[in-house]
Amino acid sequence: MSLPTPSLDDRRFQDIVDEAKRAIPRHCPEWTDHNLSDPGIALLELFAWMTDLTLYRLNQVPDRLYTKFLHLLGITRYPAAPATADVIFWLSGPQTETVRIPAGTQVGTVRTERDESVLFMTDEPREITRPDLTACLTHSGGRYTDTFNDMRTPGFSVECFPSLQDGDALYLGFDASLGGTVVRFAVDATVHSAGVDPTDPPWVWEALVDDRWEPCRLLDDTTLALNRQGHIDLIVPRGHDALTVGPTSAFWVRCRLLGADAGRQRLADPPKLDTLDVTALGGVVSAHHAQPTAAESLGRSDGTPGQRFTVRRTPVLPPRRDETVEVVTGDQVTAWELVDDFAASGPDDHHFTWDRTTGEITFGPHLRGADGQVHRHGAVPALDAVIRTTGYRYGGGSIGNVGARTITWLKSSLPFIARVENLDPATGGVDAETVDNAKLRGPMSLRTSQRAVTVDDFERLTLEAAPQVARAHCLAAEHDGGPIRVLIIPRCEVPPDSLGLDDLVLAPELIALVSAHLDERRLLTTSVQIRTPSYQGVTVTASLRGAGNVNADALRSHALSALYAYINPLTGGPDGRGWPFGRTLTIGEVFALLSAVDGVVGVEEVQLALRDLRRGTRRDGGQRIQLPPDALFASHQHQVRVV
């Protein structure tokens, strides 16, 4: 909703007609036929209609000027954010040579009759090398034993967990980092422990990342938990580091035994490996929703300050170092520098701004100051100089949030790459900010500047930090010296009835982005804690009475949709902008909500139940459910019966 703007003239068509008719006796008393059939009245109504159109356009002036003032102050719409995904490039077979995947490799979803292909670009170059096993150790009782020769000698085997104590492990060392590599361990193994669950064995595969052991992602295990000959496919986390374990330095992947306190079964005998062969199946590369463009000519300079040019494709993604604007004068090509604004630009600075939402490129203006002098903010391209871009990327928006295993198209073939695939959905794609939202944000930014002192400041700055933030709520410190708690609800492009806890988890990248933004603006003595709110599950059980001509299944579907949308952290509450923090839910407002559904003639019964969204436990909610200040309601498996 935009800010209310005053009407400069509130007269409408009929008001103008009536006013003109009242003036007839005074200015033209001989005109006595005021019926619609009179030609003069027809002309009067024609001019009244034209005047009404003019007044309508006139009344748009305050809203337009308001938007222009915000633009002059540097307050523009937040651009679209691109979705990101991890894509696996699967090899056509085991390779002895290094396979290289260039940065900017394009992959995407398959084009169908209904949907266009959604293209992604890889963020960095990737090399897939052949894993070379150089060391093998077992760890037990605080001691490391070198078992590399036993692993390589036919007829010998290696016990993975010699003493079967918590923390026993098998260490496999490699000569180079396997970060982001899909590796296959082909093994001939046996385990004599009865009752081991092949789908949930009492051990975990880990790799060292940033001085801590991170779990590897298990893709496949045909050995049935080291019970027979087969293979184990893992994704080694990116950032795989080297470590000196015992006497040996290597890049380690380990299989560590979990204790009984982790809820796992006990082993009676340690698993034994008779043979082990390691191969690379593929590599994981991060990609973002984007398409590249080649160099693009924008036109010629007319030699005046403040010139504007617009690129063909939008929204534009943040330009990289090699993506800029060039000014060509004769044989001379000059690369200009992108800046946020011209406040600090001197008269000879080759600066320009680039609105990523509209694609508009602007050169520095000349402004007349209070002293009457004209001040140059940025250089002006010479007359008839060619303005061009060196290339840019465009894309972003919620359309990039494609599902798992949908990025399967490799736009250009690569040697030794058979196929591509994303195991998880793409996330983080957010549409550009609406104009109405920018109008609401503008006055808050001007009033509070860029400081973070009050809880309102923290909430506003958190929303500014990243477009992936849908809502932010700040709670003051519970005691002197305690941290200020900032609760974040991420933006989720999922229907209300499909929203789950996993959709509301904050990505580490989002937490880091918001933390960095707030750290620059908070007081030195203030500490900030960023986390998710507590979510209280609510289940509504209701019986409705429908009109005789209404389909019962359709009525039940409409009622469920209303419940899921209303009791929702993103779309719920009375204003539809998310359930308010700490607001009580009463059985009366659920009655009112269901009564307003089209086709409902009566609500027979409503019951509220509290649900633990992690454990699934349920208990009666009574007539009203209260929330603590850091909690929100979330819908869970509502039940509606139409009688």
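The single condition among (1) in contact with a Gly (Cβ under 9 Å, 6 or more places away or on another chain); (2) of a type in the set (Gly, Ala, Ser); (3) assigned to a helix (DSSP H, G or I) that Ala48 does not satisfy is (1). Elements of the type strands (runs of 3 or more DSSP E) sitting completely within segment 519-635 and holding at least 1 residues that are under 30 Å from Asp480 (Cα atoms) and in contact (Cβ under 8 Å) with a residue 60 or more places away in the chain: these cover 528-531, 534-546, 631-635.
When Thr129, Thr112, Thr134 are checked against the criterion of being under 29 Å from His289 (Cβ atoms), surrounded by 12 or more Cβ atoms within 10 Å (Cβ to Cβ) and within 42 Å of the chain's Cα centre (by Cα), Thr129 stands alone in meeting it. Restricting Gly576, Gly572 to residues that are under 26 Å from the mean Cα position of the chain (by Cα), surrounded by fewer than 13 Cβ atoms within 10 Å (Cβ to Cβ) and within 30 Å of Ala476 (Cβ to Cβ) narrows the list to Gly576.
Here is a yes/no grid of residues against (1) surrounded by 14 or more Cβ atoms within 10 Å (Cβ to Cβ); (2) touching a residue at least 24 places away in the same chain (Cβ under 8 Å); (3) assigned by TED's automatic domain parsing to the domain that holds Gly179:
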{"residue": "Val209", "(1), (2), (3)": "yes, yes, yes"}
{"residue": "Arg212", "(1), (2), (3)": "no, no, yes"}
{"residue": "Thr223", "(1), (2), (3)": "yes, yes, yes"}
{"residue": "Leu234", "(1), (2), (3)": "yes, yes, yes"}
{"residue": "Thr244", "(1), (2), (3)": "no, no, yes"}
{"residue": "Pro247", "(1), (2), (3)": "no, yes, yes"}
{"residue": "Cys255", "(1), (2), (3)": "yes, yes, yes"}
{"residue": "Arg266", "(1), (2), (3)": "no, yes, yes"}
{"residue": "Leu273", "(1), (2), (3)": "yes, yes, yes"}
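Where strands (runs of 3 or more DSSP E) fall entirely within segment 340-412, those with at least 3 residues that are modelled with pLDDT of 90 or more and at negative phi are at 351-354, 360-363, 386-389, 407-410. Per this entry, Leu440 is not counted among residues that are outside any strand (DSSP E or B), at pLDDT 85 or above, closer than 25 Å to Leu632 by Cβ and of a type outside the set (D, E, K, R).
Please determine, by comparing only the residues of segment 175-195 that are part of a loop (DSSP other than H, G, I, E, B) and modelled with pLDDT under 85, which one is surrounded by the most Cβ atoms within 10 Å (Cβ to Cβ).
Val191
Against the list (1) within 22 Å of Gly588 (Cα to Cα); (2) modelled with pLDDT of 90 or more, the condition Ile530 fails is (1).
Yes/no matrix, rows are residues, columns are (1) in contact with a Phe, Trp or Tyr (Cβ under 7 Å, 6 or more places away or on another chain); (2) over 25 Å from Ile235 (Cβ atoms); (3) of a type outside the set (S, T, N, Q):
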{"residue": "Val420", "(1), (2), (3)": "yes, no, yes"}
{"residue": "Arg460", "(1), (2), (3)": "no, yes, yes"}
{"residue": "Gln468", "(1), (2), (3)": "no, no, no"}
{"residue": "Pro490", "(1), (2), (3)": "no, no, yes"}
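The set of residues in segment 84-137 being in contact with a Pro (Cβ under 8 Å, 6 or more places away or on another chain) and in a loop (DSSP other than H, G, I, E, B) consists of Pro102, Ala103, Gly104, Pro125, Arg130. Among the residues examined, Leu172 qualifies as assigned by TED's automatic domain parsing to the domain that holds Thr275, modelled with pLDDT of 85 or more and under 16 Å from Cys136 (Cα atoms). The single residue among Ala507, Ala512 that is of a type in the set (A, V, I, L, M), more than 30 Å from Gly622 (Cα to Cα) and free of Cβ contacts under 8 Å to residues at least 60 places away in the same chain turns out to be Ala512.
Which of the residues spanning segment 585-623 are of a type in the set (S, T, N, Q) and either more than 17 Å from His636 (Cα to Cα) or over 32 Å from the mean Cα position of the chain (by Cα) (or both)? Answer for segment 585-623, where residues must be of a type in the set (S, T, N, Q) and either more than 17 Å from His636 (Cα to Cα) or over 32 Å from the mean Cα position of the chain (by Cα) (or both): Thr586, Ser595, Gln607, Gln623.
Regarding segment 157-166, can at least one residue be identified that is in contact with a Leu (Cβ under 7 Å, 6 or more places away or on another chain) and surrounded by fewer than 15 Cβ atoms within 10 Å (Cβ to Cβ)? Yes, the conditions are met somewhere in segment 157-166.
Please enumerate the residues belonging to segment 170-193 that are under 17 Å from Trp203 (Cα atoms), out of contact with any Ser or Thr (no Cβ under 7 Å at 6 or more places or on another chain) and not hydroxyl-bearing (Ser, Thr, Tyr). Residues satisfying the conditions are Leu172, Phe185, Val191, His192. Filtered by the rule that a residue be within 23 Å of Val374 (Cβ to Cβ) and out of contact with any Ser or Thr (no Cβ under 9 Å at 6 or more places or on another chain), segment 302-354 gives Asp302, Gly303, Thr304, Pro305, Ala343, Ala344, Ser345, Gly346, Pro347, Asp348, Asp349. Might you let me know whether segment 109-120 holds any residue that is out of contact with any Asp or Glu (no Cβ under 6 Å at 6 or more places or on another chain), under 30 Å from Ser157 (Cβ atoms) and of a type in the set (A, V, I, L, M)? Checked segment 109-120: no residue is out of contact with any Asp or Glu (no Cβ under 6 Å at 6 or more places or on another chain), under 30 Å from Ser157 (Cβ atoms) and of a type in the set (A, V, I, L, M).
Name the single residue that is modelled with the lowest pLDDT among those in segment 603-621 being under 29 Å from Ala552 (Cβ atoms) and loosely packed, with under 13 Cβ neighbours inside 10 Å. Here the residue is Gly616.
Of the listed requirements (1) assigned to a strand (DSSP E or B); (2) closer than 27 Å to Ile399 by Cβ, Gly299 misses just one: (2). Scanning segment 459-475 for residues that are closer than 22 Å to Arg77 by Cβ and touching a residue at least 40 places away in the same chain (Cβ under 8 Å) gives Leu461, Thr462, Glu464, Ala465, Ala466, Pro467, Gln468, Val469, Ala470, Arg471.
Screening Glu459, Glu478 for residues that are at pLDDT below 85 and either within 26 Å of Tyr566 (Cβ to Cβ) or out of contact with any Ser or Thr (no Cβ under 8 Å at 6 or more places or on another chain) (or both) leaves exactly one candidate, Glu478.
The values are calculated or read from the model by the stated rules, or taken from the named source; none is laboratory data. Predicted, not measured: the structure shown is a model, and the values here were computed from it. So basically every Cβ, Gly included, is an ideal-geometry build from the backbone, and we count neighbours across all protein chains shown.
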